[in-house]
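Take a look at the structure below.
The values are calculated or read from the model by the stated rules, or taken from the named source; none is laboratory data. All values reported here derive from a predicted model rather than from experimental measurement. All Cβ positions, glycine included, derive from the backbone under ideal geometry; neighbour counts span all protein chains shown. Areas reflect the complete protein model, heavy atoms only, side chains present, ligands, DNA and RNA absent. Shrake-Rupley method; radii C 1.70, N 1.55, O 1.52, S 1.80 Å.
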Amino acid sequence: MAPSARKPARAWRVLSSPIHGRGVFATRTIRKGETVIEYRGRRTTWEDASGQPESGDDPHHTFLFSLDDGRVIDAAVRGNSARWINHSCAPNCEAYEDERGRVFIAARRTIRAGEELAYDYRLSIDGRVGPRMRKAYACRCGARRCRGTMLA
Ligand SMILES: C[S@@+](CC[C@H](N)C(=O)[O-])C[C@H]1O[C@@H](n2cnc3c(N)ncnc32)[C@H](O)[C@@H]1O
Ligand SMILES: [Zn+2]
């Protein structure tokens, strides 16, 4: 096979994460600005996605990504490995939505092989954010300036 016909090696792989469960880790240097992966899944309404069965031991676990038009991408259905990317308060990646409503994860800075990829979820929830909700969305990113929550 000619080198040009080869699929480029993936820049990431899924491994167990010190932050939470599974995470996504760089397999090579990823340059600032490089798009790493698309956040794929079923596009649906908040109402529909919220009606799905919750994961038993962690009811606040989420695979939902909010879109600008008010809908969500539910990566629990037809999702790809982007659904394993964890949150960080000092993230090396950021998510962006293109003009067609597709969501991609890109590097905010140069990322070295072995680093875990993360972006700031900036989660928003309905209702009052009291101590119970803060605990439910507690952050374990380990950043020096961790704000303590995955909420915006
Ligand atoms: C899109 S999933 C990320 C993959 C997740 N690690 C897993 O194995 O399912 C999002 C969920 O991961 C957990 N999570 C992600 N980042 C976290 C963080 N910084 N601190 C605590 N939990 C986190 C939360 O339960 C969150 O709802
Ligand atoms: Zn944090």
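Odds and ends about this structure:
- Computed over all pairs of different Cα atoms, the Kirkwood value for the hydrodynamic radius of the chain is 16.5 Å.
- For the range 68-75, putting each phi into the Karplus relation 6.51 cos²θ - 1.76 cosθ + 1.60 with θ = phi - 60° gives couplings of 4, 7, x, 8, 9, 9, 9, 6 Hz, in residue order, rounded to whole numbers and with x for Gly and Pro.
- Per residue, the accessible area of the chain comes to 64 Å², computed with a 1.4 Å probe over protein heavy atoms only.
- Summarising the amide proton neighbourhood of Arg22: residues at separation of 5 or more, or on other chains, whose placed amide H is nearer than 5 Å comprise Ser17.
- Highest-MSF residue in the chain out of His61, His87, His20 [GNM, Cα springs under 10 Å]: His61
- Local net charge near Gly79, Cβ-Cβ under 11 Å (Lys/Arg +1, Asp/Glu -1): +2
- Label point distance in nm, Arg132-Leu15, each placed 7 Å from Cα along Cα→Cβ: 3.9
- Sulfur and carbon atoms: percent of accessible area, the chain [1.4 Å]: 47
- Normalised contact order of the range 3-136, rounded percent, pairs of Cα under 8 Å and 6 or more residues apart: 30
- Across the range 76-87, coupling constants 3J(HN,Hα) worked out from phi with the 6.51/-1.76/1.60 Karplus curve, θ = phi - 60°, read 6, 10, 6, x, 10, 5, 4, 5, 8, 6, 7, 8 Hz, and Gly and Pro carry x.
- Theoretical ellipticity at 222 nm over the chain - DSSP helices of four or more residues, -39500 (n - 2.57) apiece, nearest 500: -1500 deg cm²/dmol
- Close amide H contacts of Val36 (hydrogens built in the peptide plane, cut-off under 5 Å, sequence separation of 5 or more or a different chain): Ile105, Ala106, Ala107.
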